[in-house]
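Remarks on the structure that follows.
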Amino acid sequence: MCNLYSMTSNPQAIREIAKVLEDRTGNLQPLPEIYPNTMAPIVRNGEGGRELLMARWGMPTPPGYLKGHKVDRGVTNIRNPGSAWWKRWEGVEHRCLVPLTAFSEPERLPDGKSQPVWFARSDGEPLAFFAGIWCRWTSVRKLADGETTDDLFGFLTTEANREVGAIHPKAMPVILTQPDELDVWMNAPAEEALGLQRPLSDGRLARREPPYLVENGS
């Protein structure tokens, strides 16, 4: 499961490719390491068109999994969007695009430890988007903060393609790279939009150095 990704592209590229009409992020800085339950940019449908804003990574956890827990750290990856819990958020008002420049999957090492292996587009284009959903939810995300109301997001997963499957055979995020795919995900009826829940074709991803090393010129 993808629990670490990066977004180091410039906001102007996100606005142009995702057809954003309102940017509410302020001075968006590069985010070389985005972890669960932290803030990251998403593009969603607003009243005046698509808007770019910051949200917290991790959709609400189904109540049955929260018994005995005081904190809900959220669900980052969603494999079955048609289930009763997730279906409420399948409409266009709850879909979003999650910009990324690279994502990682954990590789298990012989000593039992793991290390992140990073993937990015193989064609050299820096920007892609996860097919995501979002909601506004009141819960305890961090014990020290108590109950808060947050904009939350997660993204769909599917079968792994060849590149990701060599490291993590069970699943990979749903990644959108074409303008028509972005429009379908954001505008189409649920049945058509969920047809995009498929792996990126073999050969369209390549392993990359960790983004923070690239950013530092190492």
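Within region 159-174, being touching a helix residue (DSSP H, G or I) at 6+ places or on another chain (Cβ under 9 Å) and surrounded by 16 or more Cβ atoms within 10 Å (Cβ to Cβ) holds for ALA171, MET172, PRO173, VAL174.
Touching a Leu at 6+ places or on another chain (Cβ under 6 Å) and either modelled with pLDDT of 95 or more or among the polar types (S, T, N, Q) (or both), is that true of ARG56? Yes. Only one of the listed residues (SER122, SER104) is among the polar types (S, T, N, Q), crowded, with 19+ Cβ neighbours inside 10 Å, over 16 Å from MET39 (Cα atoms) and touching a residue at least 60 places away in the same chain (Cβ under 8 Å). That residue is SER104.
Would you mind stating whether TYR5 is surrounded by fewer than 16 Cβ atoms within 10 Å (Cβ to Cβ), touching a residue at least 24 places away in the same chain (Cβ under 8 Å) and within 24 Å of VAL75 (Cβ to Cβ)? The answer is no for TYR5. Pairing residues of region 181-203 that are on the phi > 0 side of the Ramachandran plot with residues that are part of a loop (DSSP other than H, G, I, E, B), at Cβ distances under 7 Å and at least 6 apart in sequence or on separate chains, gives GLY203/SER122.
Of the numbered conditions (1) in contact with a helix residue (DSSP H, G or I) (Cβ under 9 Å, 6 or more places away or on another chain); (2) buried (at least 17 other Cβ atoms within 10 Å of the Cβ); (3) within 16 Å of ALA171 (Cβ to Cβ), THR76 satisfies every one except a single condition; which is it? The failed condition is (1). Strands (runs of 3 or more DSSP E) fully within region 99-154 that include at least 3 residues being among the β-branched types (Val, Ile, Thr), over 30 Å from GLN178 (Cα atoms) and modelled with pLDDT under 95: none found. When we screen TRP89, TRP57 for residues that are more than 25 Å from LEU31 (Cα to Cα) and either surrounded by 15 or more Cβ atoms within 10 Å (Cβ to Cβ) or touching a Ser or Thr at 6+ places or on another chain (Cβ under 9 Å) (or both), the only hit is TRP89.
The values are calculated or read from the model by the stated rules, or taken from the named source; none is laboratory data. Predicted model, so just to flag it, every value in this text is computed and none were measured. Ideal geometry is used to build each Cβ from the backbone, glycine not excepted, and the neighbour counts take in all protein chains shown.
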